[in-house]
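**Student:** Got a structure here, written out as structure tokens. Questions coming.
Please treat every number below as a calculation from the coordinates, not as lab data. As the structure is a computational prediction, the values presented were derived from the model and not from experiment. Note that we place each Cβ from the backbone using ideal geometry, even for glycine, and neighbour counts take in every protein chain shown.
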Amino acid sequence: MLLKNDKISEIIDGKRVIVKKPELLAPAGNLEKLKIAVHYGADAVFIGGQEYSLRANADNFTIEEIKEGVQFANQYGAKVYVTANIYAHNENIPGLEEYLQALEQAGVHGIIVADPLIIETARRVAPKLEVHLSTQQSLANWKAVQFWKEEGLERVVLARETSAQEIREIKEKVDIEIEAFIHGAMCSAYSGRCVLSNHMTARDSNRGGCCQSCRWDYDLYKLEGDKEIPLFDENDAPFAMSAKDLNLIRAIPAMIELGIDSLKIEGRMKSIHYVATVVSVYRKVIDAYCADPDHFVIREEWIKELDKCANRDTAPSFFAGMPGYNDHMYGSHSRKTTHEFAGLVLDYDKETQMVTLQQRNFFKPGDEVEFFGPEIENFTQVVDKIWDENGNELDAARHPLQIVKFKVEREVFPYNMMRKEN
Amino acid sequence: MKKPELLVTPTSVSHIHDLANAGADAVMIGEQRYGLRLAGEFSRADVAEAVKAAHQYGMKVYVAMNAIFHNDKVDELGDYIRFLAEVGADAIVFGDPAVLMTVREVAPHMKLHWNTETTATNWYTCNYWGRKGAKRAVLARELNMEAILEIKKHAEVEIEVQVHGMTCMYQSKRSLIGNYFEYQGKVMEIERKKYEKGMFLYDKERDNKYPIFEDENGTHIMSPNDICIIDELSEMVDAGIDSFKIDGVLHEQSYITEVTKLYRRAVDLCAENRAQYEKEKDELLAKIEAIQPKHRPLDTGFFFKETVY
């Protein structure tokens with residue numbers, strides 16, 4: 001059956017090309033991350049305001065910062081969505097109208113929402129905002145998608161539990177924009193249906209208080225009469241609900257052919273290094289596939305590149321079907337990244353080949369470092385002499401945010417990043 | 001004074017007779033194909049029989065269709081709903097809008113109770129689902145007394161509150177028990193073992209035991225305590241809360257019946273003879289404590305707890 005939505009590909013000059021290119025949607029935990037995400041190729045970013053979003057611990061945007069973020073994104077033709085996806089309590093109702101109006105006035109393109117309270121209030125007081133249904137609604141079938149379409153929503157984010165086949169069926173049956181996760185941390189529960197944090201730490205998970213209790217260790221027992229029988233041996237790692245992070249890089253072609261409208265990277269709490277790395281890899285994959293889908297091959301260097309900022313193992317999760325034990329982490333719930341962010345390029349002098357760089361982690365002469373960014377192909381080089389801003393030679397770049405200079409043989413550009421292997 | 005309905009989850013058709021005698025006003029039943037975390041598994045034949053039995057006593061029967069549905073079951077919802085209408089079920093309990101859409105198509109007069117377990121957290125959203133066709137909203141268990149009373153004050157739908165039993169903390173589509181066994185290399189035994197009863201997770205740091213089980217809807221992890229507020233019903237009775245639920249999931253039939261009897265007494269006294277209720281409520285609580293299984297400590301859930309975020 002033909003997909004109801006727009007045509008996905010066309011033959012142009014004898015070659016098939018993708019004409020329906022999905023949006024690449026990236027997380028931005030603060031203004032700096034927003035700028036990096038957009039600069040590195042995101043078509044849209046999602047951010048959290050001071051209230052109503054699900055990352056109570058993120059630094060989050062003030063309305064002034066949202067305005068600045070929107071202005072920055074507009075220069076690139078990128079969109080800004082604001083997450084307001086809590087399940088609100090009575091006490092959250094006062095102030096909601098003013099908040100949504102302020103978002104509309106700030107030029108925000110849309111909001112990502114779970115609670116009908118916020119959906120209807122936005123429609124009433126801030127009608128210019130697009131409304132996207134959050135994954136917190138755990139939307140997993142076409143008929144429920146149809147319901148939200150009839151409620152007038154522009155887009156739905158599906159439950160992370162939906163498979164490729166299910167997404168295809170939903171696309172065939174309902175004409176609405178679909179947003180799906182491609183990369184990042186996973187709830188191992190149906191989103192919105194987990195209150196572990198409420199019970200274990202008195203923090204409301206559906207209002208941003210999640211303390212990731214699913215990544216803690218538990219012992220599995222069976223009760224027989226009054227006897228507690230352990231269901232593990234001494235050598236077994238304890239039970240956990242810990243899901244590996246999502247990584248769908250190999251599935252991007254399939255997702256594009258399904259006509260998914262927006263491909264979403266999770267991680268508003270992640271660093272600019274993470275955002276830059278992940279966005280730039282997926283940017284390359286999407287662009288390469290769309291330009292020539294029939295000769296596309298996934299490049300090993302892209303897969304390796306993603307690994308450089310991963311602090312947990314990854315898996316394709318539900319896209320290919322039911323996750324098995326290999327999609328879970330037992331015993332250890334994180335690992336050290338292979339690379340760390342060492343510096344952000346502020347400026348480059350082509351004549352002297354001197355880079356001006358803001359230090360983000362310790363490095364010293366003799367270290368091998370790698371540069372990457374949207375304008376350049378990745379390259380590595382060994383750091384030679386380092387100077388501070390005033391021309392004093394340094395034995396190492398020791399201080400966070402310190403401005404240093406050293407020689408880089410190839411041209412680099414502002415916002416390019418430097419990383420080194422751990 | 002208006003008395004809230006006393007709603008109980010039976011384990012079997014025969015249990016409905018006991019619950020009628022114990023004073024239940026309504027029962028919620030269903031099968032795991034459509035419903036979540038039920039005290040008993042009721043086939044279609046059982047549902048038909050249960051409705052007959054309950055109606056004989058003037059009790060209402062609500063049928064659970066509150067699963068999170070994937071495409072595979074959407075096309076069969078209509079058939080089940082038609083069946084429920086034919087046998088005279090009094091209401092369908094739903095969380096997924098697909099059920100609401102299907103009810104509109106095949107049984108527009110069927111009453112609907114909105115129950116997603118965790119997301120009925122403000123009065124506006126309860127009324128929203130009311131405007132979409134729900135007669136009742138079942139409140140999230142993570143609300144405190146003050147929030148419940150405020151919701152009731154603004155509600156245009158009936159309000160149901162769970163007053164007793166365990167609550168669900170977590171539902172995953174993943175086969176978490178089966179996966180863990182597989183990870184341990186106990187492959188051959190998994191299919192049999194993962195559906196066994198009586199499993200729990202031990203949380204050393206909090207010294208809590210969380211019941212865990214797997215079924216057609218995935219893996220469910222339950223609260224370490226049973227809510228019991230038999231001695232704290234006054235404010236909700238005064239506020240006109242429409243239904244008090246006793247959830248019997250993972251409990252013995254005889255326990256559920258006993259608890260129902262005690263709540264019957266409590267609700268009656270609370271509504272009709274407040275002074276006697278005040279006198280007797282500690283004793284009622286003590287009677288529940290006396291039959292409480294050793295592994296299931298009682299507490300008051302979130303009724304008197306401060307939650308931050």
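**Student:** Roughly speaking, what is the centre-to-centre gap between region B:14-46 and region A:141-199 when only Cα atoms are used, to the nearest Å?
**Tutor:** 31
**Student:** OK, next. Neighbouring Cβ atoms within 10 Å as the yardstick, rank B:His15, A:His339, B:His109 fewest first.
**Tutor:** The fewest-first ordering by Cβ neighbours comes to B:His109, A:His339, B:His15.
**Student:** How many percent of the alpha carbon pairs in region A:18-112 exceed a separation of 23 Å?
**Tutor:** Every Cα pair in region A:18-112 considered, those over 23 Å come to 22 percent.
**Student:** Out of region A:281-371, which GluC sites (Glu not before Pro) are coil in DSSP terms and have no more than 15 other C-beta atoms within 10 Å?
**Tutor:** Values: sites: A:Glu300, A:Glu301, A:Glu305, A:Glu340, A:Glu351, A:Glu368, A:Glu370; in loops: A:Glu351.
Of the GluC sites (Glu not before Pro), the ones in loops of region A:281-371 whose Cβ has at most 15 other Cβ atoms within 10 Å are A:Glu351.
**Student:** When Lys and Arg each count +1 and Asp and Glu each count -1, what net charge do the other residues less than 14 Å away from B:Tyr62, Cβ to Cβ, add up to?
**Tutor:** Taking every Cβ under 14 Å from that of B:Tyr62, the sum is -3.
**Student:** Moving to a separate point now. Within 9 Å, Cβ to Cβ, of B:Ser223, how many net charges do the neighbouring residues add up to if Lys/Arg are +1 and Asp/Glu are -1?
**Tutor:** Its environment carries a net charge of -1.
**Student:** Treat every Asp and Glu Cβ in chain B as -1 and every Lys and Arg Cβ as +1, leave all other atoms uncharged, and give the resulting dipole magnitude about the Cα centre to the nearest 20 debye.
**Tutor:** 240
**Student:** Give me the aspartates and glutamates in straight-line cross-link reach of B:Lys153: C-alpha distance below 16 Å, same-chain residues under 8 apart excluded.
**Tutor:** Counting by Cα, and skipping residues close in sequence, B:Lys153 has these aspartates and glutamates nearby: A:Glu91, B:Glu235, B:Asp238, B:Asp242.
**Student:** What is the distance, in nm, between label points placed 7 Å from the Cα along the Cα-to-Cβ direction at A:Phe362 and at B:Lys3?
**Tutor:** 7.4
**Student:** DSSP loop GluC sites (Glu not before Pro) in region A:207-264 with at most 12 other Cβ atoms within 10 Å of their Cβ, which ones?
**Tutor:** A:Glu234
**Student:** When a/c is below 1.5 the answer is rounded, else prolate if a/b is larger than b/c, else oblate, so apply that to chain B with a ≥ b ≥ c taken from the square roots of the Cα gyration tensor eigenvalues. Write out the running numbers ahead of the final one.
**Tutor:** Values: a/c = 1.43, a/b = 1.11, b/c = 1.29.
The shape class here is rounded.
**Student:** Continuing with this model, one more query. Assuming a viscosity of 0.890 mPa s and a temperature of 25 °C, what translational diffusion coefficient in µm² per second does Stokes-Einstein assign to region A:77-121, Rh being the Kirkwood radius over Cα pairs?
**Tutor:** Values: Rh = 11.1 Å.
Estimated diffusion coefficient is 222 µm²/s.
**Student:** A further question on this structure: For A:Lys15, what charge total do you get from the other residues with a beta carbon under 15 Å from its beta carbon, if Lys and Arg give +1 and Asp and Glu give -1?
**Tutor:** For residues surrounding A:Lys15, the net value is -3.
**Student:** How big is the equivalent ellipsoid of the protein assembly as shown along its three axes, where each semi-axis is √(5λ) from the Cα gyration tensor, reported in whole Å from largest to smallest?
**Tutor:** Value: 50, 28, 25 Å, ordered largest first.
**Student:** Sticking with this one: Does region B:46-181 come out rounded, prolate or oblate by the C-alpha gyration tensor, with a ≥ b ≥ c the root eigenvalues, rounded set by a/c under 1.5 and, if not, prolate when a/b is larger than b/c and oblate if not? Numbers along the way, then the final one.
**Tutor:** Values: a/c = 1.44, a/b = 1.08, b/c = 1.33.
Judged from the Cα gyration tensor, region B:46-181 comes out rounded (a/c under 1.5).
**Student:** Modelling each spin label as a point 7 Å along the Cα-to-Cβ direction, I'd like the B:Ala45/A:Glu98 distance in nm, to one decimal.
**Tutor:** 6.4
**Student:** Could you list, in their original order, any pairs among A:Lys270/A:Lys304; A:Lys21/A:Lys173; A:Lys15/A:Lys35; A:Lys350/A:Lys385; A:Lys35/A:Lys270 whose Cα atoms are separated by more than 24 Å?
**Tutor:** Going by Cα-Cα distance, A:Lys15/A:Lys35 fall outside the 24 Å limit.
**Student:** Here's a follow-up. With a 10 Å cut-off between alpha carbons and a GNM built on chain A, which of A:Lys405, A:Lys264, A:Lys304 moves the most?
**Tutor:** A:Lys304
**Student:** Taking only the Cα atoms of region B:48-108, how large is their convex hull per residue, in Å³? Write down the numbers at each step before the final one.
**Tutor:** Numbers: hull volume 4.5 nm³, N = 61.
Each residue corresponds to 74 Å³ of Cα convex hull volume.
**Student:** On average over all directions, what projected area in square nanometres does region B:171-219 have, based on the convex hull of its Cα atoms?
**Tutor:** If I average the Cα hull's projected area over directions, I get 3.8 nm².
**Student:** Hey, another quick one. Among the aspartates and glutamates, select those whose C-alpha is under 19 Å from the C-alpha of A:Lys364, and discard any that sit fewer than 8 residues away in the same chain.
**Tutor:** A:Glu340, A:Asp384, A:Asp388, A:Glu389, A:Glu393, A:Asp395, A:Glu409, A:Glu421
**Student:** Restricting to lysines 8 or more places apart or on different chains, can you count the pairs in region B:202-309 with Cα atoms under 30 Å from each other?
**Tutor:** The result is 27.
**Student:** Further question: In percent, how large is the relative contact order of region B:171-219, given Cα pairs closer than 8 Å and 6 or more residues apart?
**Tutor:** On the way: 54 pairs, mean separation 21.9, N = 49.
Relative CO of region B:171-219 lands at 45 percent.
**Student:** So if we plug the beta-carbon distance of A:Ser334 and B:Asp215 into 1/(1 + (r/R0)^6) with R0 = 45 Å, what FRET efficiency do we get, rounded to 0.05?
**Tutor:** E between A:Ser334 and B:Asp215, to the nearest 0.05, is 0.90.
**Student:** To the nearest 0.05, how large is the calculated FRET efficiency for A:Ala396 and B:Asp207 if R₀ is 45 Å and r is the Cβ-Cβ distance?
**Tutor:** For R0 = 45 Å, the calculated efficiency reads 0.40.
**Student:** Can you list which of the GluC sites (Glu not before Pro) found in region B:28-81 are DSSP loop residues with at most 15 other C-beta atoms within 10 Å?
**Tutor:** B:Glu41
**Student:** If you don't mind, another one. Would you mind checking which residues have amide H under 5 Å from A:Thr338's amide H? H placed 1.01 Å from N; only 5 or more apart, or other chain.
**Tutor:** Hits under the 5 Å cutoff: A:Ala310.
**Student:** Projected area of region A:339-421, taken from the Cα convex hull and averaged over every viewing direction, in nm²?
**Tutor:** The Cα convex hull of region A:339-421, projected and averaged over all directions, gives 4.6 nm².
**Student:** Normalised by the residues of chain B, what does the relative contact order come to in percent, with Cα pairs under 8 Å and at least six apart?
**Tutor:** Relative contact order, chain B: 20 percent.
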